[in-house]
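J.: Mind looking over this structure? Questions follow.
The values are calculated or read from the model by the stated rules, or taken from the named source; none is laboratory data. Computed from a prediction, not measured in an experiment: that's the story for all the values here. Heads up, the Cβs are rebuilt from the backbone with ideal geometry, glycines too, and the neighbour counts pull from every protein chain shown. Calculation scope for accessible area: heavy atoms of the full protein, side chains included, ligands and nucleic acids excluded. Shrake-Rupley method; radii C 1.70, N 1.55, O 1.52, S 1.80 Å.
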Amino acid sequence: MAKRVHHPREDAEFDFVLRMSDVPVLAYFTGSWPKAIEPCRAMDLVVGGVADEYAGRLTAVRTDITRCPAATERYGITAAASYVLLKGGEAVAHGAGPASAAEVRAFLDGHL
């Protein structure tokens, strides 16, 4: 069974997940500093549920800003609990969280 949400440990692993995905990728960017922990935990639950709902139509990737700085910079991420929808490695839409499951679904449905 495929992973529900990928957790790359470095930029090379992030890039590998992008290359291997044959469906759009929802990359959400998290942080581990004190002010980012709660919003990021909230997004973990939201994205985990959405990843289940969109199984086969979407790959979800939890991306730690400090572990994947090149990806963070490449997609213009400036704050934790931000997310981006990627098609073929190109950003097609950005969002900022924390967001509810309904907000993430609406974001995805508008771009998938």
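J.: When residues of the stretch 75-91 are filtered for being surrounded by 13 or more Cβ atoms within 10 Å (Cβ to Cβ) and over 11 Å from PHE29 (Cβ atoms), how many remain?
T.: Adding up the residues that qualify gives 4.
J.: Which residues, taken from the stretch 63-74, are more than 10 Å from the chain's Cα centre (by Cα) and open to solvent by less than 10 Å² (accessible area, probe 1.4 Å)?
T.: Looking only at the stretch 63-74, we keep the residues that are more than 10 Å from the chain's Cα centre (by Cα), and these are 65-74.
CYS68, ALA71, listed by residue number.
J.: Could you give every pair whose Cβ atoms fall below 8 Å, whose first residue belongs to the stretch 87-109 and is assigned to a helix (DSSP H, G or I), and whose second residue is of a type in the set (Asp, Glu), counting only separations of at least 6 or pairs across chains?
T.: ARG105/GLU53
J.: A further question follows. Among (1) touching a Gly at 6+ places or on another chain (Cβ under 6 Å); (2) open to solvent by less than 20 Å² (accessible area, probe 1.4 Å); (3) not in a helix (DSSP H, G or I), where does MET43 come up short?
T.: (3)
J.: Quick test for you: out of MET1, MET20, pick the one residue that is at pLDDT below 90 and open to solvent by 100 Å² or more (accessible area, probe 1.4 Å).
T.: On the way: MET20 fails: at pLDDT below 90.
Testing whether each residue is at pLDDT below 90 and open to solvent by 100 Å² or more (accessible area, probe 1.4 Å) leaves just MET1.
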